[in-house]
Amino acid sequence: MQPKNLQRVFAALAREGLHVERDGRVYRVRLKDVEGAPAGEVLLPDEFPVEAKALRQLAGLAALRHPAGGGVTTVRASPDFHPGDAGVAIGSIVETEGIVVPAAVGTDINCGMRLHVVDLSAEQLLARRDVLVERLKGDYFFSTRDLPMTAEAMQGLFREGLVGWLSAVRRRPLGQLARADLDQLEQEIDRVHLGGALDGDPRWAPEDIVPAEGVVRDGGLATIGGGNHFVEIQVVEEVVDRARARQWDVRAGQVAIMIHSGSRGVGKHVGAMWRDRARSMWPKGQKFPPEGLFSLSLADQPEAVAGYMQAEATAANYGFLNRLLLAELLRQRLRELFGEVAAPLVYDLPHNITLPVEGPARRWITRKGACPAGVEQPVIIPGSMGAASYLLVGRGSPHLLGSASHGAGRATSRFEMGRRGRETEDLGLAGVDCITLREERRIEEAPAAYKPIGPVIACQVEAGLCDVVARMRPLMTFKA
């Protein structure tokens, strides 16, 4: 017997032409009037609410077809599932055949996570907390960072990712990169998903940051961004899988650096351009797709499909570098205060990206607010700035298309959070060290805005998606 609230949700959706069913923790939803569309499936912890808007979005995503051929073959959603602002539920994982869907990724291309560990204790770090915060506020908020790039470095970045960028920087390191350990940065590329090197092209980037020659001062690089993006200093509170943690250089008691950011203005430029192009290329006279999610068909638009994938890769390369530089600025500040501390990279992975499926050349997997969780791959799942974050190892679950969640998921919108009172206890901000220049950001992103991380992790471990390696708790969080 379904709980009464679920019965009401299912009945309301049925009146809108959607069929929903529940099988334990798995919910399946499909549009009744779309023949042959797969059901969208979401895995939810028992105590989590079922959000009708998110289910509608998932059903619409599953129903996508292009009149010239191709469509969605599989739709899954991770346990941080919640409605998205652009018609795609956050936590969606979609396999397509013969089409790509620019709007399914959106404009925050290669939003993702990066995790370092540092050979310092929490006590050592907090003893210099105020000095460290002031220096990082300059880097992250007041643009005192000094990161000029040669035109060659920017072109190399957009064309070949971190590999092309680093090759050019070695020839002419400028500003703070002149004192970076470039050998360490090169070694760490092996711990970046896909080497942080996708096949892009500078022609898709904003013209002002890819000149033919000279030096570029790009105000977007090494910036956190708004919304749920952050730079957080944590401490490794518990190691669960000691053997794997040792392999990844992780030990209990260490300081950790966790970064959540993406491709900033470059992603917005590429995402908006291709959202509009896909709409303009939709066959005349054909019914628009659900939620306005216009696709590009390989059958009659192969050049457009190739162009979008190259453009998305171009923005994704920028996202990888943005996170690298956010971490490098923090690493340099730590070395100024504590000497030559080791701060190795554990892993860097994307959340919002389209990647080809190994094997068939006509298939892609698009993740929107979900991360890859391949066999033996590190997985980074943050909680709120008042809750634990987790380092896990993926198990490559075929049912969830080798994926896991990218966080706990919002429980309350930013608008609703802004209408709440500002009492620390009501917001869950007691004991939270949030460094920001915008008080509204602190309120919008307060712990009360998010679902509890514990059930999200437990649900995925029980479902065989991943296993816990270590748990971290926050010490301080930077929010732009």
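The values are calculated or read from the model by the stated rules, or taken from the named source; none is laboratory data. None of the values given here were measured: they were computed from a predicted structure. Cβ: placed from backbone, ideal geometry, glycine included. Neighbour counts: every protein chain shown. Side chains included, ligands, DNA and RNA excluded: accessible areas come from the protein's heavy atoms. Shrake-Rupley method; radii C 1.70, N 1.55, O 1.52, S 1.80 Å.
Going residue by residue through region 207-222, is there one that turns out to be under 20 Å from the mean Cα position of the chain (by Cα) and either among the aromatic types (F, W, Y) or surrounded by 21 or more Cβ atoms within 10 Å (Cβ to Cβ) (or both)?
yes
Within region 194-204, count every residue that is under 20 Å from the mean Cα position of the chain (by Cα) and crowded, with 21+ Cβ neighbours inside 10 Å. Steps first, please.
First, the residues of region 194-204 that are under 20 Å from the mean Cα position of the chain (by Cα): 194-200.
From what is left, the residues that are crowded, with 21+ Cβ neighbours inside 10 Å are 196-198, 200.
Result for region 194-204: 4.
Cβ-Cβ under 6 Å, sequence separation 6+ or interchain: first residue in region 142-159 and assigned to a loop (DSSP other than H, G, I, E, B), partner open to solvent by 60 Å² or more (accessible area, probe 1.4 Å). Which pairs?
P148/V215; P148/R217
Matching residues to (1) open to solvent by 20 Å² or more (accessible area, probe 1.4 Å); (2) touching a helix residue (DSSP H, G or I) at 6+ places or on another chain (Cβ under 6 Å); (3) at pLDDT 95 or above:
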| site | (1), (2), (3) |
| --- | --- |
| V72 | no, yes, yes |
| V75 | no, yes, yes |
| D85 | yes, no, no |
| I90 | yes, no, yes |
| E95 | yes, no, yes |
| T107 | yes, yes, yes |
| N110 | no, yes, yes |
| V118 | no, no, yes |
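Just the residues that are within 28 Å of V393 (Cβ to Cβ) and surrounded by fewer than 17 Cβ atoms within 10 Å (Cβ to Cβ), please, taken from region 238-283.
E238, V240, R242, A243, R246, Q247, D249, R251, A252, G253
For (1) within 18 Å of G319 (Cα to Cα); (2) modelled with pLDDT of 95 or more; (3) touching a Phe, Trp or Tyr at 6+ places or on another chain (Cβ under 7 Å), each residue gets a yes or a no:
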{"site": "R128", "(1), (2), (3)": "no, yes, no"}
{"site": "P148", "(1), (2), (3)": "yes, yes, no"}
{"site": "W165", "(1), (2), (3)": "yes, yes, no"}
{"site": "Q184", "(1), (2), (3)": "no, yes, no"}
{"site": "L194", "(1), (2), (3)": "yes, yes, no"}
{"site": "P206", "(1), (2), (3)": "yes, yes, no"}
{"site": "I209", "(1), (2), (3)": "yes, yes, no"}
{"site": "G226", "(1), (2), (3)": "yes, no, no"}
{"site": "Q234", "(1), (2), (3)": "no, yes, no"}
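Among the residues of region 145-156, what is the count of those that are in contact with a helix residue (DSSP H, G or I) (Cβ under 7 Å, 6 or more places away or on another chain) and either farther than 23 Å from M309 by Cβ or open to solvent by 70 Å² or more (accessible area, probe 1.4 Å) (or both)?
Of region 145-156, the ones in contact with a helix residue (DSSP H, G or I) (Cβ under 7 Å, 6 or more places away or on another chain) are 145-148, 150, 152-156.
If we keep only those that are either farther than 23 Å from M309 by Cβ or open to solvent by 70 Å² or more (accessible area, probe 1.4 Å) (or both) as well, we get 145-148, 150, 152-153.
Here the count works out to 7.
Any residue at all in region 32-47 that's hydrophobic (A, V, I, L, M, F, W, C), under 19 Å from P350 (Cα atoms) and crowded, with 16+ Cβ neighbours inside 10 Å? Even if it seems obvious, please write down each step before you answer.
Our first condition is that a residue be hydrophobic (A, V, I, L, M, F, W, C); within region 32-47, this holds for 34, 37, 39, 42-44.
From what is left, the residues that are under 19 Å from P350 (Cα atoms) are none.
Checked against the condition, which is being hydrophobic (A, V, I, L, M, F, W, C), under 19 Å from P350 (Cα atoms) and crowded, with 16+ Cβ neighbours inside 10 Å, region 32-47 yields no hits at all.
Please work out if L392 is of a type outside the set (D, E, K, R) and either on the phi > 0 side of the Ramachandran plot or free of Cβ contacts under 8 Å to residues at least 60 places away in the same chain (or both). Spell out the reasoning first.
Numbers: of a type outside the set (D, E, K, R): yes; either on the phi > 0 side of the Ramachandran plot or free of Cβ contacts under 8 Å to residues at least 60 places away in the same chain (or both): no.
In short, no.
Among A104, A37, A59, which is of a type outside the set (S, T, Y) and within 17 Å of L296 (Cα to Cα)? Outline the logic, then answer.
Working: A37 fails: within 17 Å of L296 (Cα to Cα); A59 fails: within 17 Å of L296 (Cα to Cα).
Going through A104, A37, A59 in turn, just one is of a type outside the set (S, T, Y) and within 17 Å of L296 (Cα to Cα): A104.
If only one of R159, R170 is open to solvent by 10 Å² or more (accessible area, probe 1.4 Å) and under 17 Å from G214 (Cα atoms), which one is it?
The unique qualifying residue is R170.
Each row is one residue, and each column tells you yes or no for (1) without any contact (Cβ under 8 Å) to a residue 60 or more places away in the chain; (2) closer than 26 Å to L355 by Cβ.
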residue	(1), (2)
Q7	yes, no
L13	yes, no
D33	yes, no
A37	yes, yes
A62	yes, yes
V72	yes, yes
V101	no, yes
V105	no, yes
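For region 367-480, list the helices (runs of 4 or more DSSP H) that sit wholly inside it and hold at least 3 residues that are in contact with a Lys or Arg (Cβ under 8 Å, 6 or more places away or on another chain) and surrounded by fewer than 22 Cβ atoms within 10 Å (Cβ to Cβ); which are they? Walk me through it before giving the result.
Details: elements: 414-419, 424-427, 439-444, 453-462.
Ranges flagged: 439-444.
Of the residues D183, D190, D139, which is open to solvent by 20 Å² or more (accessible area, probe 1.4 Å), part of a helix (DSSP H, G or I) and closer than 23 Å to I380 by Cβ? Outline the logic, then answer.
Working: D183 fails: closer than 23 Å to I380 by Cβ; D139 fails: open to solvent by 20 Å² or more (accessible area, probe 1.4 Å).
Checking each option against the conditions leaves just D190.
Need the failing condition index for E291 against (1) touching a helix residue (DSSP H, G or I) at 6+ places or on another chain (Cβ under 7 Å); (2) on the phi > 0 side of the Ramachandran plot; (3) open to solvent by 40 Å² or more (accessible area, probe 1.4 Å); (4) part of a loop (DSSP other than H, G, I, E, B), just the number.
(4)
Kindly indicate whether any position in region 262-282 is in a loop (DSSP other than H, G, I, E, B), under 23 Å from the mean Cα position of the chain (by Cα), over 30 Å from L31 (Cα atoms) and not acidic (D, E).
Keep residues of region 262-282 that are in a loop (DSSP other than H, G, I, E, B), which gives 262-263, 281-282.
After this cut, where a residue has to be under 23 Å from the mean Cα position of the chain (by Cα) as well, the list is 262-263.
From what is left, the residues that are over 30 Å from L31 (Cα atoms) are 262-263.
With the extra rule that they be not acidic (D, E), the set shrinks to 262-263.
Yes, that holds for at least one residue.
Can you run down the residue pairs with Cβ atoms below 6 Å, 6 or more apart or on separate chains, where the first is in region 455-480 and within 27 Å of C434 (Cα to Cα) and of a type in the set (K, R) and the partner is in a loop (DSSP other than H, G, I, E, B) and open to solvent by 10 Å² or more (accessible area, probe 1.4 Å)?
These pairs meet every condition: R471/A388; R473/A388; K479/T436.
Answer with yes or no whether Y318 is more than 24 Å from T96 (Cα to Cα), in contact with a helix residue (DSSP H, G or I) (Cβ under 6 Å, 6 or more places away or on another chain) and open to solvent by 20 Å² or more (accessible area, probe 1.4 Å).
Details: more than 24 Å from T96 (Cα to Cα): yes; in contact with a helix residue (DSSP H, G or I) (Cβ under 6 Å, 6 or more places away or on another chain): yes; open to solvent by 20 Å² or more (accessible area, probe 1.4 Å): no.
Criteria not met by Y318.
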